[in-house]
Amino acid sequence: MIVTLTIDGRRVSVAPGTTVLQAAQWLGIRIPTMCHVPGIEPAASCFVCAVQIEGRRTLSPACAMPVAEGMVVSTDSADVRTARKMALELLLSDHAGECVAPCAARCPAGLDIPGFVYGIATGDHRRAIEVIAERLALPGSLGRICPRLCEEGCRRCDLDQGLAIGALHRYAADRDMETAAPYTPQCAPATGKSVAIVGAGPAGLAAAWYLLRKGHACTLFDAHPQPGGMLRYGIPAYRLPKDALDAEVDAIRRLGARFQMGARWGSDFTLAELRQRHGTVFLAIGAQRAQGLRCEGQEHALAGTEFLERVATGTPPSLGRDVVVVGGGNTAMDCARSAARLGAQNVRILYRRGRQEMPCAMDEVESAEAEGVHIDLLAAPVRLERNANGLLLTCQRMTLGEPGASGRRRPVAVAGSDFVIECSTVIAAIGQAVERTLAEREGLGVTGWGIAADERTLATNLPGVFAGGDAVLGADLAVRAVAAGRIAAASIHQYLSGEPVTGEPAMPGIAMRPIDDAERAAIFRAIEQSARVPVPRIPMEQRLASFDEVELGLPPDDAAREARRCMTCGCRKQDCCLVRSLATEYDVDVYRFAGARRRFSQDLSHPEIVYEPGKCISCDACVRIAAAAGETLGLAMIGRGFDVTVAVPFGRPLSEGLRHAARQCAEACPSGALALRTARSCDSCSLSC
Ligand SMILES: Cc1cc2nc3c(=O)[nH]c(=O)nc-3n(C[C@H](O)[C@H](O)[C@H](O)COP(=O)(O)OP(=O)(O)OC[C@H]3O[C@@H](n4cnc5c(N)ncnc54)[C@H](O)[C@@H]3O)c2cc1C
Ligand code: SF4
Ligand code: SF4
Ligand code: SF4
């Protein structure tokens, strides 16, 4: 006998006793499941496979519903999707797990930090660079200059000191470059499509790196003689030597990038011409226009970025002995430290807010001070005049008022506090702006700080034109520019492939809400305290006498030692967890029903698997697998309601419950609750591994 039914408008005839799920699979229709284990009695516990059957008032689980003659099934109606979404939101309401390591969640490029660090810790350097290259272009340059937002998020900060993550990816990149055959990723076959990239700074270079890998030809147009943007013409060599940058640019060239240097958008070509020739354009022109001092006599000041560019190109201006740098960001620190290297005897930074409000990394401030730069806080210029002896800079003292739009406290002038500084050079390092008038002239939308582009896709208002990096954000950070290049490449690839342009797929990152002391203790249980390995630096005498790189790379033994401090946080199954991928597919609000969550704990007693009860979704797949495999003790669902969890009966250890079905259980577990020890690297930490 045969049963005929209709699923999503398609008729299918199957044997009686077949489930709706099996009949749908027969037709090639996917119904998501989590608790279903082929060949094992269904439990219908997760309700993610819910479908609508005509004539029934409630939804039915497809895994446990036998087919019936004339049945009409709908697997993807609005009601079905809503029910699945709610089922997932309920499953996640008390989840105690963390998909992504806290360090990686802080990196603007979303680098898989535990993944690459594991490569270094185990001596698998090729793996380290491959993991890095997936998310981060220019890792050697960024390892030197990135403000390392990730390190503040490192879980080890709660134990001893955060991991030296930047130094480690610099190590991986430098080491790779030293090999006879540096890593060159496999590129897809040529698509015959070409992309014009305007600007060969970090954003443009990163876009080329990822587009070339997809098989699209790339030509980078740049007004400067050499690629690198601010990494070459802004950041001084003592922080980023040009040969380190060159090596990374060469890797992109080797992938097939073409460079047309000395070609300026606005004078040498128009956007309309580029669009006609290439069809698709990525605008990565950065924020290159230096801002003036914004006070009377500002024409007597040198622009910070112009000064640094002259230093970078070997034609520094003469500064005299007393130099004042106005500003509190990276440009100001770089100008001051460069001036000190060029022989200025008194270098003073003038900043209108306090030390806490300085927008550059604090170790930059400390390095400048160590090199003799004096930092004068809460002081702002009022007037600049030239006289026979040099320059007179009139300043006034400031105090901090209420926070402004940026969240930083506003500087307010103190009446009658004027004072005058006599000096030979004043350098304005106030900030840089984007050439928005050029963009507007070509029909592009603009914002208050740059070219207007969709946050997720980086598409502009012109079809086929994308923009990213400082050009969109205003003067910002290299790591965000590199991330923008990668996101733009994903969108451009979709555009060129005729797919909807949605940008990179974003998986929700489930994070545990506050961890209490007992949980913290559980996380650190197996971890020994160990100090961060220091990054070597050249001696002070050598620093001021040259533009030699100050921070040296970690020696191999130190790099491996530092890498071994990593606790490999983040979930073992973050890339294959069904809960997470379905949460993405159904666009769930992971905190919609968030209530009291489970407690984090970790069972490391089994030699093959790790059990983290807080991630268990009570689907009982493992219980059924253990029983089917003939385990003597096996597993059981213990407790009631939200407190129900999987455990070995009679309080026996996991190794006794699962003597031979452990691997099978871990592989079938739809979440990271049961995971193979080898799914990730280290077994000592965390909310996760
Ligand atoms: C002095 C200084 C120090 C810094 N220090 C740090 C740091 O320590 N850490 C950090 O993370 N970030 C730092 N930054 C910021 C960082 O350099 C930038 O965020 C990053 O370079 C932006 O990358 P981008 O590719 O968007 O733009 P850019 O690097 O500015 O590159 C833009 C490119 O476009 C080209 N271009 C511009 N206009 C045109 C045109 N009309 N036609 C053709 N080509 C054009 C330029 O020549 C340039 O090569 C610093 C910036 C400066 C200025
Ligand atoms: S790019 Fe910066 S934030 Fe990201 S991992 Fe490297 S140092 Fe950390
Ligand atoms: S210990 Fe390792 S994985 Fe954990 S937060 Fe720190 S760097 Fe990231
Ligand atoms: S089990 Fe899944 S959802 Fe939970 S932390 Fe791990 S990857 Fe994220």
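Within the stretch 337-349, can you find the residues that are open to solvent by less than 30 Å² (accessible area, probe 1.4 Å) and either assigned by TED's automatic domain parsing to the domain that holds Asp548 or touching a residue at least 60 places away in the same chain (Cβ under 8 Å) (or both)? Give the derivation first.
As a first pass, look at the stretch 337-349 and keep what is open to solvent by less than 30 Å² (accessible area, probe 1.4 Å): 337-341, 344, 347, 349.
Correct list: Arg337, Ser338, Ala339, Ala340, Arg341, Ala344.
Looking only at residues in the stretch 320-335 that are open to solvent by 10 Å² or more (accessible area, probe 1.4 Å) and outside any loop (DSSP other than H, G, I, E, B), which one is farthest from ligand 1 (Cβ to nearest atom)?
Here the residue is Asp322.
Could you check how many residues of the stretch 81-94 are more than 13 Å from Pro508 (Cα to Cα) and either part of a helix (DSSP H, G or I) or touching a Ser or Thr at 6+ places or on another chain (Cβ under 8 Å) (or both)?
The initial filter retains those residues of the stretch 81-94 that are more than 13 Å from Pro508 (Cα to Cα), namely 81-87, 90-91, 93-94.
Among the residues that remain, those that are also either part of a helix (DSSP H, G or I) or touching a Ser or Thr at 6+ places or on another chain (Cβ under 8 Å) (or both) are: 81-87, 90-91.
Summing the residues that are more than 13 Å from Pro508 (Cα to Cα) and either part of a helix (DSSP H, G or I) or touching a Ser or Thr at 6+ places or on another chain (Cβ under 8 Å) (or both) in the stretch 81-94 gives 9.
In this structure, does Leu142 turn out to be touching a residue at least 12 places away in the same chain (Cβ under 8 Å), within 16 Å of ligand 1 (Cβ to nearest atom) and open to solvent by 20 Å² or more (accessible area, probe 1.4 Å)?
Values: touching a residue at least 12 places away in the same chain (Cβ under 8 Å): yes; within 16 Å of ligand 1 (Cβ to nearest atom): yes; open to solvent by 20 Å² or more (accessible area, probe 1.4 Å): no.
Answer is no for this residue.
Considering only the stretch 97-129, state which residues are part of a helix (DSSP H, G or I) and among the hydroxyl-bearing types (Ser, Thr, Tyr).
Looking only at the stretch 97-129, we keep the residues that are part of a helix (DSSP H, G or I), and these are 102-106, 113-121, 125-129.
The answer is Tyr118, and nothing else.
Determine if the stretch 186-193 includes at least one residue that is surrounded by fewer than 23 Cβ atoms within 10 Å (Cβ to Cβ), among the hydroxyl-bearing types (Ser, Thr, Tyr) and touching a Gly at 6+ places or on another chain (Cβ under 8 Å).
If we filter the stretch 186-193 for residues that are surrounded by fewer than 23 Cβ atoms within 10 Å (Cβ to Cβ), which is where we start, we get 186-193.
Still in the running and among the hydroxyl-bearing types (Ser, Thr, Tyr): 191.
Remaining after also requiring touching a Gly at 6+ places or on another chain (Cβ under 8 Å): 191.
Yes, there is a match, as at least one residue in the stretch 186-193 is surrounded by fewer than 23 Cβ atoms within 10 Å (Cβ to Cβ), among the hydroxyl-bearing types (Ser, Thr, Tyr) and touching a Gly at 6+ places or on another chain (Cβ under 8 Å).
Answer yes or no as to whether Arg564 is of a type outside the set (Gly, Ala, Ser), within 16 Å of ligand 3 (Cβ to nearest atom), over 19 Å from the mean Cα position of the chain (by Cα) and open to solvent by 60 Å² or more (accessible area, probe 1.4 Å). Walk me through it before giving the result.
Numbers: of a type outside the set (Gly, Ala, Ser): yes; within 16 Å of ligand 3 (Cβ to nearest atom): yes; over 19 Å from the mean Cα position of the chain (by Cα): yes; open to solvent by 60 Å² or more (accessible area, probe 1.4 Å): yes.
When the stated conditions are applied, Arg564 passes them.
With the requirement that a residue be aromatic (Phe, Trp, Tyr) and more than 26 Å from Ser497 (Cα to Cα), what does the stretch 201-257 give you? Full working, then the answer.
Just the residues of the stretch 201-257 that are aromatic (Phe, Trp, Tyr), to begin with: 209-210, 221, 233, 238.
Result: Tyr233, Tyr238.
Is the stretch 28-40 home to any residue that is in a strand (DSSP E or B) and more than 23 Å from Phe593 (Cβ to Cβ)? Can you show your working first?
Initially, the stretch 28-40 is screened for residues in a strand (DSSP E or B), giving none.
So far as the stretch 28-40 goes, no, none of its residues is in a strand (DSSP E or B) and more than 23 Å from Phe593 (Cβ to Cβ).
Within 16 Å of ligand 4 (Cβ to nearest atom), of a type outside the set (S, T, N, Q), assigned to a helix (DSSP H, G or I) and open to solvent by 20 Å² or more (accessible area, probe 1.4 Å) - does that describe any residue in the stretch 152-167? Before you say what the answer is, go through the steps one by one.
Initially, the stretch 152-167 is screened for residues within 16 Å of ligand 4 (Cβ to nearest atom), giving 155.
Keeping just the survivors that are of a type outside the set (S, T, N, Q) gives 155.
So of that shortlist, the ones also assigned to a helix (DSSP H, G or I) come out as 155.
Narrowing further to those that are open to solvent by 20 Å² or more (accessible area, probe 1.4 Å): 155.
Within the stretch 152-167, one or more residues are within 16 Å of ligand 4 (Cβ to nearest atom), of a type outside the set (S, T, N, Q), assigned to a helix (DSSP H, G or I) and open to solvent by 20 Å² or more (accessible area, probe 1.4 Å).
Within the stretch 216-236, identify whether any single residue is of a type in the set (Gly, Ala, Ser), more than 14 Å from ligand 1 (Cβ to nearest atom) and either open to solvent by 30 Å² or more (accessible area, probe 1.4 Å) or not assigned by TED's automatic domain parsing to the domain that holds Leu283 (or both), and answer yes or no.
Scanning the stretch 216-236, I find at least one residue that is of a type in the set (Gly, Ala, Ser), more than 14 Å from ligand 1 (Cβ to nearest atom) and either open to solvent by 30 Å² or more (accessible area, probe 1.4 Å) or not assigned by TED's automatic domain parsing to the domain that holds Leu283 (or both), so the answer is yes.
Could you figure out which of (1) open to solvent by less than 60 Å² (accessible area, probe 1.4 Å); (2) assigned to a loop (DSSP other than H, G, I, E, B); (3) more than 19 Å from Glu89 (Cα to Cα) isn't true of Arg659?
Arg659 satisfies all of (1) open to solvent by less than 60 Å² (accessible area, probe 1.4 Å); (2) assigned to a loop (DSSP other than H, G, I, E, B); (3) more than 19 Å from Glu89 (Cα to Cα) except (1).
Of the numbered conditions (1) touching a helix residue (DSSP H, G or I) at 6+ places or on another chain (Cβ under 9 Å); (2) not in a loop (DSSP other than H, G, I, E, B), Trp449 fails exactly one; give the number of that condition.
(2)
The values are calculated or read from the model by the stated rules, or taken from the named source; none is laboratory data. Just so it is clear, the structure is predicted and the values come from calculations on it, not from any experiment. Here the Cβ is made from the backbone with ideal geometry for all residues, glycine too, and neighbour counts use every protein chain on show. These area figures cover heavy atoms from the full protein model, side chains too; ligands, DNA and RNA do not enter into them. Shrake-Rupley method; radii C 1.70, N 1.55, O 1.52, S 1.80 Å.
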